[in-house]
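Colleague: A single structure is presented below for examination.
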Amino acid sequence: MMYEQFKIRAEGVGSEVYRFQTKAEALDFIIPFLQKEGVTDAPHGYALWAEGPFLNGIDRTPLHNAVPGLKFEVSRQLAADCLVGISEVGYALTDTGSLVTDQTAVEQRLVSTLAVIHIALIGTDKILNGKMDVFKIINPGNSKYIAFITGPSRTADIERVLTIGVHGPKRLVIIFVDDMGGAN
Amino acid sequence: MKSDFKESISKAVNNTILTGALGKFSEAYKVNRAKAYEGIDFEALRQNIADRKAYAATHIDLLAAAFKIKAEAAGAKVYLADSPEKVKEYILKVARDNNVKTVVKSKSMASEEIHLNKFLEENGMSVRETDLGEWIIQLAGQRPSHMVMPAIHMTKEEVSELFSKAVGERLSTDIPRLVEVARKELRSKFLEADMGISGGNLAVAETGSIVLVTNEGNARMVTTLPKVHVALVGIEKFVEKFEDIVPVLEALPRSATAQLLTSYVSIITGATENTDGSMKDLHIVLMDNRRTEMSKDTKFVQAMQCIRCGSCLNVCPIYRLVGGHVFGSVYTGGIGTILTAWFEQLQNSEDIQGLCIQCGNCKDICPGMLDIPDMIMEIRRRLAVEKGQSFVQKAIFTVVNNRKLFHTMLRAASVAGTPFTSGAFIRHLPFFLSDLTEGRSLPAIAAEPFRDTFKKIKQPKLKEKVAFYAGCLIDFAYPEMGVSLVKILNKAGIEVIFPEDQTCCGAPARYNGAYEVAANNATDNINALLKEDVDYIVSACPTCTVALDHEFISTFTSLGQTEMLPKAKILAAKTIDFSTLVKKLVDEGRLTPTQGRKLGSITYHDSCHLKRTLKVSDEPRELLQKVGYELTEMFECDTCCGMGGSYSIKLPEISGPILQRKLTNIKSTGAAIVAMDCPGCVMQIRGGMDQDGAKIKVMHTVELLAEQLLSDK
């Protein structure tokens, strides 16, 4: 129910929302997605995957073999040249379709700001009702850079015409995984 | 008003691209904002915000000290600067210390306020605005015309021209293509820049956090990619607690751009690691620039509750005609007038304060609960005190303050006006009714004022009595409205008395800043109206009703006069507007409209004071429907007609187009009659309809009700 509510709101602001039961199923979606979007091992073609619990217990070599442009080391230069950025996020809010996450680590910001497509991974159990709920959990004492992300980057500064993808990502793909534990 | 100011207004009003774009935007905004607030108790939300911001505004020193401790513990450097010069000096020093050559900026009105870009450029730095709208106006060498949408006044053709020059390539006017050009061009600047400068939507004292609310993603880059980050934050942005962010985040995007939430909100607490592993050099500059002084002024402390959403501009009938550049300063619109008077100087608001027609639209939708019209009135009052009024105005108000002389002159005008009378309209009237705007005829001064006609009305002797306050327009221009009112009340078993010594309600003086004159009017009227013990004092003019009900008290309070206050409060408690009284009488069964009449279609215009100050809008509609009219609502039924008392004479170039818009909306309903409860609106709209030639009757509700109720058995 909360997932459905979130999906409606998030799609309303231009996000793409998917849900899988396991990490393996999520990977079965992500790998062909990266291939289809044209990820290559060349500038402007990389896919960067920032560290996070999803990757625990995952053998990265076959992933890299399937998508040669997919990298797990995030640097400023690679991020500037990447097509897709993948990161994990903390919470999803049903009231506004927003993602809320601790991005104190700069790598988390690089892959989610400089990429053309941002893929956000999140456990289905991390959906909350709204800002009031998430503000009880997040703590600026520990999280020095808290980011709310609601859809792709947008502007309406020219003649009030809504245009997607001005500085940040042009697409936000949100992938929910019901069971974040276990290996592939 | 200076002539170059008048010229800039004419230029703006005649710029069809500007007025077209702003008009379309304001119409869409109203609908989208309402949708964004669906399911939210706006009144509760804004009270919540106002309470929290009001606390912060009255505890600035405490919050600044707490903020500094927390933010510095988290690795930031916090600098409290009282003047723009100190802000600039500090930022320059940070730049020099870090050998900064290039700067990228995300949107900051505070930096606009102190003209920071110009200063840094003069000191040899390259400064690039990265918010798309800000970049556009930077390329054009202009000021923002709207605090949320800085380039709303520009067309895609103009933007294409600017971008073509900037990138040295002939570009099309395709908007997505232009946005892509900005993305490419500015991406390299983000990556190269030595320093990032941001603003701050909130500064949280309890945690030392700053909050940035954006859509484009540029603020995330500005605060992440360069090694040095300077956040320039006005001290009105303080809130005490971390949880105070929540209500502001609920309201700001909804009110600003009708979004549930912007694409990005960043809450930054202290320094984080740079991409090379070093720590960010984070400087938070807290700028005062007269904000503390503002917070100590009882009238203006509420301005500290502003969350800079710009919604007051979006609903302003004047702003959508003239745009932002007419305001001549960094901050525009109603709130801009107030901020200009403080952050620059009172003098600089002299012309622009006159743009406010006091319709009250902005007060109704402000998420910080600012009473912008009231603050503008106070600016007007202070300017009048400081500068004295112009000779002509003074002469007028001297007359208004002498009831006998005033009324003698109005009577004389009725005779003098005769040769110019064409039908019911003449082209010239004395005083604040003179020098007409084009596109509107004005009524002749009545041959016999109501105060004389009243004596001839044969009223039954009844036990229950109310006093009628006519106001100048009904007394001297539309006495028939007064006659209708007396007859309706008689029918309900109420005798009407007309206190002879009543005089002008003081609104013309007050709206021109002449509070002493208004206070004298108030005293005269209170003495006149409280002479006899009556149940109610009824008025059929909402502006007069508001004067009796609210403004006498506020005028005395503003002047620090306490002597008449108790009596003013007694008067206020007895004051009632015509439609509310008649609705009550119908509800009590003392007036019974005949059932089943089919009088055809009617549309209703809400007068500003009646709807937004007195909160009366259903009563006249119900009454008109009860007597047999079929109501067809017009588009923007509660938007000002452009009259605003003497406003229509001082600024005909604005009043005229507002009236034309109103006439169009009335005509579009196809109704044969337009009703309203204000004789001022009748004067404006009837005059406009007369010139327009449309055969639509423009009537005060009192006349329409009298036609039916008096023919009822």
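Read-outs throughout are calculated quantities, based only on the coordinates presented, and are distinct from any laboratory measurement. This one's a predicted model, so the numbers in the text were calculated from it and none came from an experiment. FYI the Cβ positions are ideal-geometry reconstructions off the backbone, even for glycines, and counts take in every protein chain you see.
Colleague: Let's test this: bin the Cα-Cα distances of region B:55-292 at 5 Å from zero up to the farthest pair and state each bin's percent.
Modeller: Using 5 Å bins, I get a P(r) of 1, 6, 14, 18, 20, 17, 12, 7, 3, 1, 0 for region B:55-292.
Colleague: At q = 0.05, 0.07 Å⁻¹, what base-10 log of I(q)/I(0) does the Debye formula yield for the protein assembly as shown when every alpha carbon is treated as an equal point scatterer in vacuo?
Modeller: One equal scatterer on each Cα of the protein assembly as shown leads to -0.34, -0.63.
Colleague: Using +1 at the C-beta of Lys and Arg and -1 at the C-beta of Asp and Glu, which of B:693, B:39, B:640 has the Cα lying farthest in the positive direction of the dipole of chain B?
Modeller: Selected residue: B:693.
Colleague: Would you please classify the overall shape of region A:45-98 from the alpha carbon gyration tensor, given that a ≥ b ≥ c denote the square roots of the eigenvalues, rounded means a/c under 1.5, and beyond that prolate means a/b larger than b/c while oblate covers the rest?
Modeller: In terms of gyration-tensor shape, oblate.
Colleague: Please report the net charge: other residues with Cβ closer than 15 Å to the Cβ of residue B:2, K and R +1, D and E -1.
Modeller: Net charge around residue B:2: -1.
Colleague: Same structure again: What distance in nm separates the two pseudo spin-label positions at residue B:594 and residue B:185, each 7 Å out from Cα along the beta-carbon direction?
Modeller: Label at residue B:594, label at residue B:185, 7.2 nm between them.
Colleague: Another one. I need to check one value: relative contact order of chain B, counting alpha carbon pairs closer than 8 Å and at least 6 residues apart, in percent.
Modeller: 12 percent
Colleague: For region A:11-138, give the magnitude of the charge dipole about the Cα centre (Cβ charges: +1 Lys/Arg, -1 Asp/Glu; no others), in debye to the nearest 20.
Modeller: Dipole magnitude for region A:11-138 comes out near 140 debye.
Colleague: Here's something else I'd like to know. How big is region A:86-184 along each principal axis, measuring the range of its Cα positions in Å and listing the largest first?
Modeller: Ordered largest first, region A:86-184 gives principal extents of 46, 34, 25 Å.
Colleague: Given region B:8-162, report the % of alpha carbon pairs whose separation exceeds 26 Å.
Modeller: More than 26 Å apart: 51 percent of the Cα pairs in region B:8-162.
Colleague: If you don't mind, there's one more thing I want to ask. With +1 on each Lys and Arg Cβ and -1 on each Asp and Glu Cβ, how big is the dipole of the protein assembly as shown about its Cα centre, in debye rounded to the nearest 20?
Modeller: Charge dipole of the protein assembly as shown: 1820 debye, to the nearest 20.
Colleague: Still on this structure: May I ask you to sort B:614, B:599 by Cβ crowding, counting other Cβ atoms within 10 Å and putting the fewest first?
Modeller: If I rank by nearby Cβ atoms, fewest first, I get B:599, B:614.
Colleague: Once every DSSP H run of n ≥ 4 in chain B is given -39500 (n - 2.57) and the sum is divided by its residues, what mean residue ellipticity at 222 nm do you get, rounded to the nearest 500 deg cm²/dmol?
Modeller: One gets -14000 deg cm²/dmol as the mean residue ellipticity at 222 nm.
Colleague: Mind giving me the FRET efficiency for residue B:532 and residue B:631? R0 is 51 Å, r the Cβ-Cβ distance, nearest 0.05 is fine.
Modeller: 0.85
Colleague: Among B:29, B:150, B:603, flag the residue with its Cα farthest along the positive direction of the charge dipole of chain B, charges on Cβ as +1 for Lys/Arg and -1 for Asp/Glu.
Modeller: B:603
Colleague: With both partners inside the protein assembly as shown, how many of the DSSP beta bridges are antiparallel, as a percent to the nearest 5?
Modeller: Antiparallel bridges make up about 25 percent of those DSSP assigns within the protein assembly as shown.
Colleague: Using Stokes-Einstein with the Kirkwood hydrodynamic radius over Cα pairs, what translational diffusion coefficient do you get for region A:2-179 at 37 °C and a viscosity of 0.692 mPa s, in µm²/s rounded to a whole number?
Modeller: Roughly 199 µm²/s, to the nearest whole number.
Colleague: In what order do B:265, B:702, B:301 fall by count of nearby beta-carbon atoms within 10 Å, going from fewest to most?
Modeller: Least to most surrounded, the residues fall as B:301, B:265, B:702.
Colleague: On C-alpha positions alone, give me the angle between the axis of helix B:391-400 and the longest principal axis of chain B, in degrees, nearest 10.
Modeller: Helix B:391-400 sits roughly 40 degrees off the main axis of chain B.
Colleague: Cysteines of the protein assembly as shown lacking any other cysteine beta carbon under 4.7 Å?
Modeller: When partners are defined as cysteine Cβ atoms under 4.7 Å apart, the protein assembly as shown leaves A:82, B:306, B:309, B:316, B:356, B:366, B:472, B:504, B:637, B:641 without one.
Colleague: Give the calculated FRET efficiency between residue B:97 and residue B:32 to the nearest 0.05, with a Förster radius of 51 Å applied to their Cβ-Cβ distance.
Modeller: It comes to 0.65.
Colleague: OK, next. Could you order the peptides B:491-499, B:684-692, B:590-598 from most to least packed, using the average number of other C-beta atoms within 10 Å per residue?
Modeller: Final packing ranking: B:684-692, B:491-499, B:590-598.
Colleague: Please report Rg over Rh for region B:64-142, where both radii come from the alpha carbon positions and Rh follows the Kirkwood definition.
Modeller: In region B:64-142, Rg relative to Rh is 1.01.
Colleague: Quantify how strongly other chains surround peptide B:209-221 by giving the mean number of their Cβ atoms within 10 Å of each of its Cβ atoms.
Modeller: Taking the mean over all residues of the peptide, I get 6.
Colleague: If you count, for every residue in A:167-173, the Cβ atoms of partner chains within 10 Å of its Cβ, what is the mean?
Modeller: Mean shielding count: 5.
Colleague: Further question: Got a sec? How would A:160, A:171 order by Cβ neighbour count within 10 Å, fewest to most?
Modeller: Lowest to highest Cβ neighbour count: A:160, A:171.
Colleague: Sort largest first and round to whole Å: the equivalent ellipsoid semi-axes of region B:512-638, each the square root of five times a Cα gyration tensor eigenvalue.
Modeller: 34, 18, 9
Colleague: Running Debye on region B:593-709 with equal point scatterers at the Cα sites and no solvent, what base-10 log of I(q)/I(0) appears at q = 0.11, 0.15, 0.21, 0.23 Å⁻¹?
Modeller: Reported log10 I(q)/I(0), two decimals: -0.33, -0.61, -1.17, -1.37.
Colleague: Rounding to the nearest 10 and keeping the result within 0 to 90°, find how far the Cα-based axis of helix B:515-529 lies from the longest principal axis of chain B.
Modeller: 30 degrees
Colleague: Quote the charge dipole size of chain B about the Cα centre in Debye, to the nearest 20; the model charges only the Cβ of Lys and Arg (+1) and of Asp and Glu (-1).
Modeller: Dipole of chain B, to the nearest 20 debye: 1040 debye.
Colleague: Step by step: find N for chain B, compute 2.2 N^0.38 Å, then divide the Cα radius of gyration by it. What's the final number?
Modeller: After normalising by residue count via 2.2 N^0.38 Å, the value is 1.06.
Colleague: Same structure again: For the protein assembly as shown, with the dipole built from +1 on Lys and Arg beta-carbon atoms and -1 on Asp and Glu ones, taken about the Cα centre, which of B:613, B:211, B:702 lies farthest toward the positive end?
Modeller: B:702
Colleague: Now, a different point. Report, in listed order, any pair from B:30/B:53; B:35/B:598; B:30/B:189; B:156/B:387; A:36/A:144; B:88/B:650 with a Cα-Cα distance greater than 32 Å.
Modeller: B:35/B:598; B:30/B:189; B:156/B:387; A:36/A:144; B:88/B:650
Colleague: Considering Cα pairs under 8 angstrom that are at least six residues apart, work out the relative contact order of region A:113-184 and quote it in whole percent.
Modeller: Over region A:113-184, the number comes to 51 percent.
Colleague: Let me ask something else. For peptide B:269-275, compute the average count of partner chain beta-carbon atoms within 10 Å of each residue's beta-carbon.
Modeller: 6
Colleague: Nearest-5 percent of antiparallel DSSP beta bridges in region A:2-179?
Modeller: DSSP beta bridges in region A:2-179 are roughly 25 percent antiparallel.
Colleague: Please turn the phi angles of region B:21-28 into ³J(HN,Hα) values with the Karplus equation 6.51 cos²θ - 1.76 cosθ + 1.60 (θ = phi - 60°), one per residue in order, whole Hz, x for glycine and proline.
Modeller: Per-residue couplings from phi come out as 5, 5, x, 4, 4, 5, 5, 5 Hz.
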